[in-house]
1. Name, by its number, the condition in (1) open to solvent by less than 50 Å² (accessible area, probe 1.4 Å); (2) over 26 Å from B:Arg185 (Cα atoms); (3) not in a helix (DSSP H, G or I) that does not hold for B:Ser61.
2. Which residue out of A:Lys101, A:Lys77, A:Lys93, A:Lys81 is within 30 Å of A:Pro177 (Cα to Cα) and either touching a Cys at 6+ places or on another chain (Cβ under 8 Å) or facing chain B (nearest Cβ under 7 Å) (or both)?
3. Can you name the residue in region B:172-181 that is in contact with a Lys or Arg (Cβ under 8 Å, 6 or more places away or on another chain) and buried (at least 16 other Cβ atoms within 10 Å of the Cβ) and is also farthest from B:Cys87 (Cα to Cα) among such residues?
4. Find all pairs meeting these conditions: Cβ atoms under 6 angstrom apart; at least six residues apart or on different chains; first residue within region B:243-263 and more than 24 Å from B:His111 (Cβ to Cβ); second residue in a loop (DSSP other than H, G, I, E, B).
5. List the strands (runs of 3 or more DSSP E) that sit entirely inside region B:196-309 and contain at least 1 residues that are open to solvent by 100 Å² or more (accessible area, probe 1.4 Å).
6. Taking A:Pro59 as the residue in question, decide whether it is open to solvent by less than 100 Å² (accessible area, probe 1.4 Å) and more than 25 Å from B:Ser193 (Cβ to Cβ).
7. For the structure I just gave you, tell me whether A:Lys115 is closer than 30 Å to A:Leu176 by Cβ and not in a loop (DSSP other than H, G, I, E, B).
8. Restrict the check to region A:48-71 and report whether at least one residue is over 22 Å from B:Thr211 (Cα atoms), part of a loop (DSSP other than H, G, I, E, B), under 60 Å from the mean Cα position of the chain (by Cα) and at the interface with chain B (Cβ under 7 Å from one of its Cβ atoms).
Amino acid sequence: MAEEYQIDLGNLMAFDPHHHFPSLPSSREELVKQCLEKGTKLVQAVADALFNLPSTDDPDGPIVTLPQPTTRLPREKPLPKKKPPTKWEEFAKKKGIVQRKKDKVVFDEQTGTWKRRHGYDRVNDDNDIPIIEAKATDEPGVDPFAKRREEKKQRVEKQEKHRLQNLKQAAKVGALPSHIQLAATALPITGTQAVPRKASKNELESVAGMAATSTASGGKFDTKLAGEKPPKHEAKYRKFLPVAEGSGMGSLERQQTEKVLSKLISKNSHEILNVERAVNMYNVKKDKKRSNQQQRKSSSNSGKSSSKLKPKNNKPFKKTSFKKGPSNKGKSK
Amino acid sequence: MLQIKTPKTGRARREVQKRAPKLVESGKKTLILHGTKTSDVLNTVLSDIYHLKKGESIKYSRKNDSIRPFESGGETSLEFFSLKTDCSLFVFGSHSKKRPNNLVIGRTYDHHIYDLVELGVENFKSMESFSYGRKLAPRLGSKPLFTFIGEGFESVEELKHLKEVLLDLFRGEAVSNLNIAGLDRVYVCTALSSNKVLFTHCALRLKKSGTIIPRMELVEVGPSMDLLVRRHRLPDESLRKESMKKPHELTKKKEKNVSRDSIQGKIGKIYMPDQQVGEKVLPNKAKGVKRERREAKMKGEAKKQKQDS
């Protein structure tokens, strides 16, 4: 009898695929009664199978372990994806670095007590170091405490950067931890749904401003939307001063133009005097002067002796050291 | 720089983690809502379903004019509600001249519509119209039994589909351990014709029978109704395949060389490779056993012998 029914104990379901009403009963009560009768039989079949399962006793009643359901029902969400290994995990695997368990508390030799490894009141806390020994390589004027703090800050920032990089990598695969959202999104969670990006307020305002001013009249005659603000003016406003002369405000315009003019002139005045050229000229003049003076001196000297002897005099004067003899011989000739 | 957003409080984090995809899913939540117009019958049907599934269902009481599950574009707000409430089953009621007392039961996968069945409700009798002993009333959240009667559930495609949907809707949490004493309700579904199903909810009474198996007795506690199958949409084949995927981690690896016997219990086979005794190096290499020493000693003895001779 039980073989007629298909029983799925995992879902506590019984199915009679052979039953067929020869003719539907006319009255509703009759029909329901027949159905319940048939149902009772099926329920009895389920109970037969269920009560024959090995059970463990409990104060509330016998507890049985149900088998896996045979009718498969669809999942509600896709399977969770596996997180890709982080850069460090990849590196550690390559190098064969295995994580060891560390104690939560460590003995602190400075204070002689047991302290936490991380967190508040931890071992080797930067705040606990009263003295840093000076080294020969230390630069004078650098606060070693501030330097330490700065270095720590940089290390933390670096780690944060790496974490973000790893999260990005995980997001690409779709294996982001459920409590983390990258960028601003509307609703979190679920496996595959694309994350809609939300534009920021500033971005929206700038885009709206651009759109509003893109007509020929710069959006002057457009109808404004409710709550629309005029676009922000990024550049400086140009100021026009009164042209009519006077004292105070009236003289400002003159001052301004004079300022510009003097600036221009001073710039050009620098060019009027070509310093390089002037220096050159001065140098050349000086040279000429010196050479003239020298010539005059030499001419006064030659006036005393014969002018023809001058080169001859010069020669021995220059080569006295080794051509004295022969020159004398020559002279004697 | 990339922005990351995390829940600020522990409670929010837990709530978000509850919604994350899981390897083993516990139970599906149901969203109950209705269209622009509902009839009195339909209102009672929806509230009865809500009471049957109390604890794992959410009921919306506002009109929804943009929801038309079968039409393209009419499912967007439904999918949004599914995402918002984290429900993957929905029961949508509507009433019109063309389709009076219309009930659409559907499932979602990853917050997108998976399949749909449209039913017309006839001959409805609410839970309140039944009178029975107070002791009999099924307890909240108890695991129900199901009975499906009629060949239609196997031969007719619509009814086959309906059977699966009804099972998914009412089965509650998937459990592995069950207290048998806690069984107290049955859903009885009978195929009356190729598109009509009688659906009733009964309480179970366990009576003594003299054996360990008690005699079961059904008492109708309602709701009871005839469901007329109108339209239905089967899931996309690729989507169906994906949703039925079994997690790789949960599939048991085949156990080799182990068998079970009812008398002897667990029996394992062990294979031992041939022991190559001659080639094996002795573990204990004492000084005297070392080969070089032995040989040297022997040589020395040979010399001595020569000298003697």
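1. Going through the list (1) open to solvent by less than 50 Å² (accessible area, probe 1.4 Å); (2) over 26 Å from B:Arg185 (Cα atoms); (3) not in a helix (DSSP H, G or I), B:Ser61 breaks only (1).
2. Details: A:Lys101 fails: either touching a Cys at 6+ places or on another chain (Cβ under 8 Å) or facing chain B (nearest Cβ under 7 Å) (or both); A:Lys93 fails: either touching a Cys at 6+ places or on another chain (Cβ under 8 Å) or facing chain B (nearest Cβ under 7 Å) (or both); A:Lys81 fails: either touching a Cys at 6+ places or on another chain (Cβ under 8 Å) or facing chain B (nearest Cβ under 7 Å) (or both).
Unique residue meeting the criteria: A:Lys77.
3. Within region B:172-181, the match that is farthest from B:Cys87 (Cα to Cα) is B:Leu178.
4. Sorted first by the residue in region B:243-263, then by its partner, the pairs are B:Asn257/B:Lys269.
5. Working: elements: B:196-207, B:215-233, B:258-261, B:265-268.
Of the strands (runs of 3 or more DSSP E) lying wholly inside region B:196-309, those with at least 1 residues that are open to solvent by 100 Å² or more (accessible area, probe 1.4 Å) span B:215-233, B:258-261, B:265-268.
6. Working: open to solvent by less than 100 Å² (accessible area, probe 1.4 Å): no; more than 25 Å from B:Ser193 (Cβ to Cβ): yes.
Criteria not met by A:Pro59.
7. Details: closer than 30 Å to A:Leu176 by Cβ: no; not in a loop (DSSP other than H, G, I, E, B): yes.
The answer is no for A:Lys115.
8. Just the residues of region A:48-71 that are over 22 Å from B:Thr211 (Cα atoms), to begin with: A:67-71.
Imposing the further condition that a residue be part of a loop (DSSP other than H, G, I, E, B) reduces the set to A:67-71.
Subset that is under 60 Å from the mean Cα position of the chain (by Cα): A:67-71.
Right, trim to at the interface with chain B (Cβ under 7 Å from one of its Cβ atoms) and you get A:71.
Yes, the conditions are met somewhere in region A:48-71.
The values are calculated or read from the model by the stated rules, or taken from the named source; none is laboratory data. None of the values given here were measured: they were computed from a predicted structure. In this analysis, Cβ positions are derived from the backbone assuming ideal geometry, glycine residues included, and neighbour counts consider all displayed protein chains. What goes into the accessible areas is simple: the full protein's heavy atoms, side chains included, and nothing from ligands, DNA or RNA. Shrake-Rupley method; radii C 1.70, N 1.55, O 1.52, S 1.80 Å.
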